[in-house]
Amino acid sequence: MGLEIFELKDKIAMVTGATRGLGEVSARALAGAGADIAVCGRSTDDLKRVTDEIRKLGRKSEGFFIDVISKPSVSEAVDRILETFGRIDILVNNAGVNFRVPVLEFPEEEWDRVINTNLKGYFLVAQAAVPQMLQNGYGKVINMSSILGAVGLPHQVAYASSKGGVDQMTKVMALEWAKQGVRVNAIAPTYFETELVTQIRNDPERFKFINDRTPMGRWGYLPELEGAVIFLASPASDFITGQTIYVDGGWTIW
Ligand SMILES: NC(=O)c1ccc[n+]([C@@H]2O[C@H](COP(=O)([O-])OP(=O)(O)OC[C@H]3O[C@@H](n4cnc5c(N)ncnc54)[C@H](OP(=O)(O)O)[C@@H]3O)[C@@H](O)[C@H]2O)c1
């Protein structure tokens, strides 16, 4: 068997939070491996920018508004994707937010926003997109987790709780759908330079702490996420389900 086990030709991928950062990287990686892409997000300008870039790679792509914390918005987006593409073979649950203050100062509204986006959002999107995968007897769900699902860091109570939840959600979904052809796995990245972590990137002490804490001595480069995304979306990972793959320069080894 050759490299065709990583081929995504004729596959349709739905990627949430694809308007920038790791979602955009994931969408482009999947397109590069041959998939057509439903680019999902909230910013009309960025939806257009990313779909235009994917079309330049020779793939079909359309932008879809989605607010992952709203069930009606999620249902509408999935219905429109199915009308446009006919199927969703690959779902990348990726839209996420963070808020960083100590536990005792953490506002309830921010707890709700982080948990609802990062945890309930993944659940709502999977609930809407997976039934047709089960009917088709085939699907790949990739939940974007974080090293914070496994390790703790101060000031990230809602984010770490949400990502721990994503890892557990991944296992339960994987178990429920294992015999019906739908594989569910998570990717847990360390720090990659995106808008989500600008505040930390711009703080020399925190930036140094992350470099020092990482066995490989640095943050991830955006293209270094691509291999895990393509692998988990492709037939190469067909006998893998319920796992979390760490793309973290070794952070979680110790
Ligand atoms: N960057 C890292 O170092 C890192 C590390 C580990 C894990 N992650 C995870 O990777 C994922 C992507 O993070 P990122 O770093 O790429 O962040 P980012 O650059 O801030 O992008 C976040 C994306 O999520 C979208 N989004 C947020 N709330 C949404 C909502 N309610 N409905 C729909 N879309 C929404 C944003 O769209 P809008 O433009 O509409 O806000 C944006 O497209 C997250 O799950 C994050 O936890 C990131």
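The values are calculated or read from the model by the stated rules, or taken from the named source; none is laboratory data. Predicted model only: the values in this text are computed from it and were never measured. In this analysis, Cβ positions are derived from the backbone assuming ideal geometry, glycine residues included, and neighbour counts consider all displayed protein chains.
Couple of notes before you dig in:
- Residue list for segment 201-235, filter: farther than 19 Å from Val25 by Cβ, in a helix (DSSP H, G or I) and touching a helix residue (DSSP H, G or I) at 6+ places or on another chain (Cβ under 7 Å): Arg206, Phe207, Arg213, Pro235
- Criterion violated by Leu153 - all others in (1) farther than 22 Å from Glu76 by Cα; (2) within 16 Å of the ligand (Cβ to nearest atom); (3) assigned to a helix (DSSP H, G or I) satisfied: (3)
- The residues of segment 128-146 that are in contact (Cβ under 8 Å) with a residue 40 or more places away in the chain, more than 15 Å from the ligand (Cβ to nearest atom) and of a type outside the set (D, E, K, R), listed by number, are Val130, Gln132, Met133, Leu134, Asn136, Gly137, Tyr138, Gly139.
- For Leu30: the one exception among (1) within 14 Å of the ligand (Cβ to nearest atom); (2) over 30 Å from Pro154 (Cβ atoms); (3) of a type in the set (A, V, I, L, M, F, W, C); (4) out of contact with any Cys (no Cβ under 8 Å at 6 or more places or on another chain): (1)
- Selection count, segment 44-98, where residues are among the basic types (Lys, Arg) and more than 14 Å from the ligand (Cβ to nearest atom): 6
- Among residues of segment 50-69, those that are over 21 Å from Leu8 (Cβ atoms) and without any contact (Cβ under 8 Å) to a residue 12 or more places away in the chain, counted: 0
- Extreme residue, farthest from the ligand (Cβ to nearest atom), among residues of segment 33-43 that are farther than 14 Å from Lys11 by Cβ and not hydroxyl-bearing (Ser, Thr, Tyr): Val39
- Val101 being crowded, with 21+ Cβ neighbours inside 10 Å, at pLDDT 95 or above and among the aliphatic types (A, V, I, L, M): no
- Residue among Val172, Val184, Val166 that alone is outside any helix (DSSP H, G or I), under 29 Å from Ala128 (Cα atoms) and either at pLDDT 95 or above or more than 9 Å from the ligand (Cβ to nearest atom) (or both): Val184
- Among the candidates Val39, Val68, Val74, Val15, the residue that is part of a helix (DSSP H, G or I), surrounded by 15 or more Cβ atoms within 10 Å (Cβ to Cβ), of a type outside the set (Lys, Arg) and at pLDDT 95 or above is uniquely Val74.
- Out of Gln168, Gln156, sole residue that is more than 14 Å from the chain's Cα centre (by Cα) and farther than 14 Å from Asn98 by Cα: Gln168
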